[in-house]
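Structure first, commentary second.
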Amino acid sequence: MTAIRIDHVSKAYARHRHLTRGVKESLLHLPDVIRRVRAEPFRALDNICLEVRKGEAVGIIGANGSGKSTMLALIAGVIEPEAGTIEVHGRVAPLLELGAGFHYELTGRENIVLNGVLMGLTRREVAERMEAIVAFSGLEAWLNEPIRTYSSGMVARLGFSVAVHLDPEILLVDEILAVGDAHFQAKCYDRLDEFRRQGVTIVIVTHARAEVQRLCERAVWLDGGKIAMQGEPEAVLEAYAKS
Amino acid sequence: MTALAIASVTRPRLSYIADLILVLVQKEMKVRYKNSALGYAWSVANPLVFTAVYCVALGVFLRLQIPGYPYPLFLIAGQFPWQWLASSMGGAPMVFIANASLIKKVRFPRHVLVASSVLSDAIHFLLTIPVVVLLLLWYGFAPSWSWLPGIPLLAFAQFLTVYGAALAVASVNVVFRDLERLVGIFLQALFFLTPVVYSVSIVPLQYHVWIRLNPVAPLIRAWQKLFLDGHLDPLLVAAAYLSGLVCLAVGSLIYRALSPRFGELV
């Protein structure tokens, strides 16, 4: 069973170029200017094919700007590909950012509702999970305080606690685990292991070698928008480290 | 359990959209009133101050008279609904841009951001209606039973108009940021071209055609008639709904064309 199928997908971003010639010159040579701007888009992903099986955990590694986050954003459906198709089978929880939509004037409890509904739960589903979310976060004592009084680690804990209660079938994780104290991190990893046992598909973007080794059964190394290598995590990490 | 499916394939259910809008409106209301001691007073103060200034400048200094009504009363009947329109439209250009991090990271129907901002302005408008009542009583007028069907009817027409226009402005401003400035200027102009501080009855006949072309004039005039005379003018209501539907259609088309690229442009 395939969870995610990425088929010959390319994504280019228009470069923001200044009109180097000045307005008048640019207007006089408009077709030329347009051609130049069109000719030099930034190719974030170039003809990528990738299949992720149901229940598989895939780690995406690569240098900054190699297209990792673009790939996750495409799978999450927040941007659309230039060419190619993406199929996603199952409920996606895109953890591209913890606590998306959090408002600092609202209390922890109010933010759980806001974030949960934005992430796709109904208000009733959030209410049913409230107790579990609060217990997981360990922030009972702070729940009725505005989160501007929280430390950044506490905010991240709250966000992660909502995220792991979304009952996802596919979890997209973008470098968000480096938060919270050691104790909470251990709790996050336990939860991810639990997701794996339950057969949740996980795609994780990370710079942390240990995360890939611990969690993933396959690593994909992106370089300049192309897949440079993929396969057994140790081998791919080794090759990436040498590059 | 199907709610999360929005992230992949199926269209979100209506009840989920309603939840989303409700939660976002609650957020706006809470944020607006938190840390402000006077709370409600602020949402009344703004239109009241404007009304007072126009009363002095136009009613007292220029001695503008509206046949049949004390000028302050006439002014407030149009000024309050206008204030809703103006604050929604004034905020519209920034709706998507201010929520950039959300749009880039979470997949949800983005139009709910516009809907919830317009709705919370609508609630503020409805909360100011008691002030209209007080002023009516003060001048020896009285509210009418026709308000009961009239207020929801006109408020819905205004919601369609403002939501449609705000959706268009918010979407276009993502690709063309200068629009924000243009909207400010346009609103200023539209205010004086709409019969808010004057009534149609004192406009020379040869200019009436221009007022008929103004898409928000029927709405404002319908509010004035409802608040001042307790009369729900069917022709004005029909015209208000017509322009509401046109705004909604145009706004939706523009949103549909531009929203797929929001994720990379905001």
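Around B:Ala122, with a cut-off of 15 angstrom between Cβ atoms, what is the net charge of the other residues, counting Lys and Arg +1 and Asp and Glu -1? Intermediate values should be presented prior to the final figure.
On the way: positive: B:Arg32; negative: B:Glu28, B:Asp121.
Residues close to B:Ala122 contribute a combined charge of -1.
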What list of ³J(HN,Hα) couplings, whole Hz, do you get for the range B:113-125 from phi and the Karplus terms 6.51, -1.76, 1.60, once you set θ to phi - 60° and write x for glycine and proline? 5, 5, 4, 6, 6, 5, 5, 6, 5, 4, 5, 4, 4
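Would you rank B:Trp210, B:Trp138, B:Trp84, B:Trp42 by solvent-accessible area, highest first, keeping every protein chain in place and using a 1.4 Å probe? Can you show the working numbers first?
Working: B:Trp210 170, B:Trp138 200, B:Trp84 5, B:Trp42 150 Å².
My answer, sorted largest first, is B:Trp138, B:Trp210, B:Trp42, B:Trp84.
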Could you pull out every residue, at least 5 positions away or on a different chain, whose amide H is within less than 5 Å of the one on A:Ile61? Hs are placed 1.01 Å off N in the peptide plane, and Pro or chain starts have none. A:Val220, A:Trp221, A:Leu222
For A:His103, what accessible area in Å² do you get when you roll a 1.4 Å probe over the heavy atoms of the protein chains, rounding to the nearest 10? 50 Å²
Quick one: of the DSSP bridges fully inside chain A, what percent are antiparallel, nearest 5? 55 percent
Spatial separation of Cα centroids for the range B:155-223 and the range B:77-147, in angstrom: 15 Å
At 1.4 Å probe size, with every protein chain present, just tell me what the per residue accessible area of the protein assembly as shown comes to in Å². 47 Å²
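With the contact rule set at Cα under 8 Å and sequence spacing of 6 or more, what percent relative contact order holds for chain B? Walk me through the intermediate numbers first.
On the way: 290 pairs, mean separation 69.8, N = 266.
Relative contact order for chain B comes out at 26 percent.
Under a Cβ-Cβ cut-off of 11 Å, what is the net charge of the residues other than A:Val52 that fall near it, where Lys and Arg count +1 and Asp and Glu count -1? Display every interim value, and only then the final one.
Details: positive: A:Arg5, A:Arg53, A:Lys54, A:Arg218; negative: A:Glu51, A:Glu56, A:Glu87, A:Glu217.
Neighbour charge sum, excluding A:Val52 itself: 0.
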Farthest towards the positive end of the dipole of the protein assembly as shown, among A:Ile48, B:Ala122, A:Ile147 and with Cβ unit charges of +1 on Lys and Arg and -1 on Asp and Glu, lies the Cα of B:Ala122
Net dipole in debye of the protein assembly as shown [+1 Lys, Arg Cβ; -1 Asp, Glu Cβ; about Cα centre; nearest 20]: 1020 debye
For chain B, with the dipole built from +1 on Lys and Arg beta-carbon atoms and -1 on Asp and Glu ones, taken about the Cα centre, which of B:Gly164, B:Gly184, B:Ile103 lies farthest toward the positive end? B:Ile103
Please count, across chain A, the pairs of lysine residues with Cα atoms under 20 Å apart that sit 8 or more places apart or on different chains. 5
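If you take the Cα Rg of the range A:117-243 and divide it by 2.2 N^0.38 Å, with N the number of residues, what do you get?
Working: Rg = 16.9 Å, N = 127, 2.2 N^0.38 = 13.9 Å.
Working it through for the range A:117-243, the quotient is 1.22.
Give the dimensionless ratio obtained when the Cα radius of gyration of the range B:121-234 is divided by 2.2 N^0.38 Å.
Numbers: Rg = 16.2 Å, N = 114, 2.2 N^0.38 = 13.3 Å.
Expressed relative to 2.2 N^0.38 Å, the Cα Rg reads 1.22.
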Considering chain A, what Rg and Dmax in Å follow from its alpha-carbon atoms? 20.7, 66
How big is the accessible area of B:Tyr207 in square angstrom, nearest 10, if you roll a 1.4 angstrom probe over the protein chains? 110 Å²
Place a +1 charge on the Cβ of each Lys and Arg in chain A and a -1 charge on the Cβ of each Asp and Glu, then give the dipole magnitude about the Cα centre in debye, rounded to the nearest 20. 780 debye
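Report, to one decimal in Å, the Kirkwood hydrodynamic radius for chain B based on all distinct Cα pairs.
Working: mean 1/r = 0.0506 Å⁻¹.
After inverting the pairwise mean of 1/r, the radius is 19.8 Å.
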Estimated inter-spin distance, A:Ala228 and B:Val246, nm [label 7 Å along Cα→Cβ]: 5.8 nm
So what is the diffusion coefficient of the protein assembly as shown in µm² per second by Stokes-Einstein at 25 °C and 0.890 mPa s, using a Kirkwood Rh over Cα pairs? 95 µm²/s
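Can you pull out the buried accessible area for chains B and A, both sides counted, probe 1.4 Å, rounded to the nearest 100 Å²?
3100 Å²
The values are calculated or read from the model by the stated rules, or taken from the named source; none is laboratory data. This one's a predicted model, so the numbers in the text were calculated from it and none came from an experiment. Methodologically, a virtual Cβ is constructed for each residue, glycine included, from the backbone with ideal geometry; neighbour enumeration extends over all protein chains shown. Side chains included, ligands, DNA and RNA excluded: accessible areas come from the protein's heavy atoms. Shrake-Rupley method; radii C 1.70, N 1.55, O 1.52, S 1.80 Å.
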